[in-house]
Amino acid sequence: MNLTTRSRSIPLAPRPLPGEAVTSWIGRIAARYDLPPAALITGLRDGGGIPASRLASIDRSPDPELEHLLAKAACVEVGRIGALRAAAHGLSDWAAPFRDTLAWCPVCVREDVARWGESYEHAIWRLSCCAVCVTHGQVLVQVCPLCARGRGEYHPSGGRWRLVCESCEGRIDTSTNHRRETALGISGAKLFGWTVDPGWVPLACELQSSLLAAIADTDRAGARASRLVIVVRDLAAAFLRPAASGPSSPPRDGVISTGPADTFAALKPAAAFEMLGLIASVLASIQNGHSSRPRIGRRDNSRPDLTVMDLPWFVGMLPRADRQRLYHAAQQWSPALVRAMERASSFEAARRHGANRIPDQARRDATWVKAAVPRLRAAAIRRIAARAYRRVRARHDLTARGSEQDNARSRLAGLCHQ
């Protein structure tokens, strides 16, 4: 069916589904006419002047002109379109929470097909801090389960909106080949290569929920919610920035790309969840009052194989330049976090000073010995010469006394024979 380009309203305009992204809703409308979303917008009355490139940003930020056009054509309220947007209040502009590529929950897409007859993109799947499905606890997927290499994308097919593979063109939303990976099975007790307490998993889930609520501002926390996003963004940036610096950096499995503006957007969902666990462990240590304990480079006494991930450990792991940048960024955090960061920085400075004392003392000793060797050598030569002189004098004295005794005996013998 072709869309009449001069029509004011769209005869077939499905309503938005729960949690649906704006672009997904536009795509489902276009799919009813076997059109791509860009062609749908162009075909609408007064839609010819809107470039298709504006569709790419409508999930991130409001577009009043485009939203008014869609609301009028689909006979819905403009506010209902804005409510589909996952990130509100401009957080997406500076926190960069959107993932570079599409990710999805395999269980959700199958349930959506069974319930609605088609799959659709959930708005929170584009948020890069969303690594685990909030409904099923499944790690989000980015690779086609059919060919194990292609990325997923949505296309109109048979009047419906379908999730297909861009490489093999297979139907992903009906595939049963997905490997079901829950949050508990991501990496066991491992976290970015370190062996830690598995308690980081519920901490990561809790932090993800808090971030999603902060980005959507569902808890009406205002500045407090924005501050949480800032703290997580700064810690993630500090951890990821050294990834391209060289082999001395800690292991980072799952990093797709890194750059000055990349945080979670550069990570695969499983790696993003590990990042949430690392940051949540650091923040939990501050909340529990452990930020000043001398635990950098140490192990848990009860489990010597575990790495304790608290704020001093995190600060001590960073290179000096990144540590200074994080300290300056921390001035935007809450006063309690600023004080914890100051204590961790002071403790790290004291630890490094103490660690450098032994090498410094060794260098000073070596310099002293190098400078003292000539003097010690000369003194040793004088002492050896003095001892040798004393031995010679002692032998001479013994020889002289022996000669005197012989002379005395000779005189005594002569007197006896007279």
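Numbers below:
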quantity: For the range 199-213, 3J(HN,Hα) per residue [Karplus equation, 6.51 cos²θ - 1.76 cosθ + 1.60, θ = phi - 60°, Hz, x = Gly/Pro]; calculated: x, 5, 5, x, 5, 5, 4, 5, 5, 4, 4, 5, 5, 4, 5
quantity: Order of Asp322, Asp59, Asp100, Asp397 under a 10 Å beta carbon neighbour criterion, fewest first; calculated: Asp397, Asp100, Asp322, Asp59
quantity: 5 angstrom amide H check on Glu20, placed H, neighbours 5+ away; calculated: Ala123
quantity: Under 5 Å, built H, 5+ apart or other chain: amide partners of Gln138; calculated: Cys133
quantity: Per-q log10 I(q)/I(0), the range 121-163, q = 0.31 Å⁻¹ (Debye; single scatterer per alpha-carbon; no solvent); calculated: -1.09
quantity: Order of Cys133, Cys205 - criterion: other Cβ atoms within 10 Å of each residue's Cβ, fewest first; calculated: Cys205, Cys133
quantity: Long-range HN-HN contacts of Trp161 with modeled amide H, under 5 Å; calculated: Ser119
quantity: Phi to ³J(HN,Hα) by Karplus 6.51 cos²θ - 1.76 cosθ + 1.60 over the range 314-320, Hz, x for Gly, Pro; calculated: 5, 5, x, 6, 7, x, 4
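A short reminder: the numbers here are calculations on the coordinates, not readings from a lab. Since the model is a prediction, treat every value here as computed from it, not as a measurement. Heads up, the Cβs are rebuilt from the backbone with ideal geometry, glycines too, and the neighbour counts pull from every protein chain shown.
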